[in-house]
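Data first, discussion second: the structure below is written as structure tokens.
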Amino acid sequence: MSEHTEHHIVSPKIYFAIFGALMVFTAITVAVARLDLAPVWGPLNIIVALTVAVIKATLVILYFMHVRYSSRLTQVIVIAGLFWLVILLVMTMSDYFARRGWPTPLGQV
Amino acid sequence: MSESHASQYGLAHHFSSMEQQREAGTIGMWIFLLTELMFFGGMFLVYAIFRTTYPSGFEQGSHLLSVPLGGLNTVVLIVSSVTMAMAVYSSQVGDRKKLVGYLGVTLVLGLVFLVVKYFEYREKFEHHLFPAMGFYGPDPEHLAVQYHQPVRVFLWIYFAMTGLHALHMIIGAGMLLVLIWMAHKGRFTTSYNSPVEICGLYWHFVDIVWIFLFPLLYLTGYHLTGH
């Protein structure tokens, strides 16, 4: 398992390209949030917001944090950690959503 | 493996090569960041549970926040991530002057973020939106939006999450000060620059947290008009 090549140096060109992409996605998320998409589909606003945020975070992780150029071991550790976060969020929320009478109507709080 | 490394600058005695040392440092930092991920993850989970419970309360609460200031801070943090990445690049190519410069710009941007945050917080304090004095309203029948229980839950979460994030920014700023001092003293070389790279990972992580906080806290009620 020797894949130890020369340490990869990411060129500034890539950094500035990613910067441009992050700015564009920020503008998109602000512009879309101005619209009320609930009439189209209830959760559409939050879905768009989270999709854009996930794309931005992925760009930061892959390029600014060099994970795309890191060793396999580092990549596996990062993915395993993210998977653990997904377990935390999905399993807990699936428990809540499976409960009868939840969310509790406001008058009964 | 057989080469003598006793004289290699920056190589700790328990590592056999610079490459191994760098890899160990990077992985160690990632393990730490994953514990941070679970730490913030718990708060995002709380956010998810209460947002599903009080959808309109969260929109009203979010509407109390300033999108221009939150957006400004988003841009400030993204730019600071680029300057941090450029600092790492400068250390890799051995440009000490640029390294100190980029670290300095990153520090200044981090402080700009905190100053903007200070003004946001101060404005919230003045309007009794902070979960303390006056938070529960002059009387129970008061109709102002922040006195509704779901909106107060939102504000609790807003202060807990942004406060924790701001604490990470302050720690990051302290870290940058040390790096600037070390870089100024010429401690980093093209083969020894792990501290810059590892602190960079931390800085980008804090940026990622904000990338999620901005839409979830500030933009959720952005489509509302008036109060």
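The values are calculated or read from the model by the stated rules, or taken from the named source; none is laboratory data. All of these numbers come straight from a predicted model, not from anything done at the bench. Counting neighbours? That spans all protein chains shown, and the Cβs are built from the backbone with ideal geometry, glycine included.
Here are a few things to note about the model shown:
- Residue match in region B:105-126 (condition: modelled with pLDDT of 95 or more and of a type in the set (Lys, Arg)): yes
- Qualifying residue in region A:34-43 (condition: under 21 Å from B:HIS223 (Cα atoms), among the basic types (Lys, Arg) and at the interface with chain B (Cβ under 7 Å from one of its Cβ atoms)): yes
- Meets criteria (hydroxyl-bearing (Ser, Thr, Tyr) and either touching a Cys at 6+ places or on another chain (Cβ under 7 Å) or at pLDDT 95 or above (or both)) for B:TYR192: no
- None of B:SER17, B:SER56 is facing chain A (nearest Cβ under 10 Å), at pLDDT below 90 and exposed (fewer than 14 other Cβ atoms within 10 Å of the Cβ) except B:SER56.
- Residue in region B:100-118 that is of a type in the set (D, E, K, R) and closer than 16 Å to B:THR190 by Cβ present: no
- Residue count for region A:23-82, restricted to those that are over 30 Å from B:ILE198 (Cβ atoms) and basic (Lys, Arg): 1
- The residues on offer are B:VAL115, B:VAL76, and the sole one that is touching a Leu at 6+ places or on another chain (Cβ under 6 Å), surrounded by fewer than 22 Cβ atoms within 10 Å (Cβ to Cβ), more than 10 Å from every other protein chain (Cβ to nearest Cβ) and not basic (Lys, Arg) is B:VAL76.
- Subset of region A:47-60 (residues that are free of Cβ contacts under 8 Å to residues at least 24 places away in the same chain and more than 7 Å from chain B (Cβ to nearest Cβ)): A:ILE47, A:VAL48, A:LEU50, A:THR51, A:VAL54, A:THR58
- B:THR52 meets the conditions (1) farther than 22 Å from A:LEU89 by Cα; (2) in a helix (DSSP H, G or I) in every case but one. The failed one is (1).
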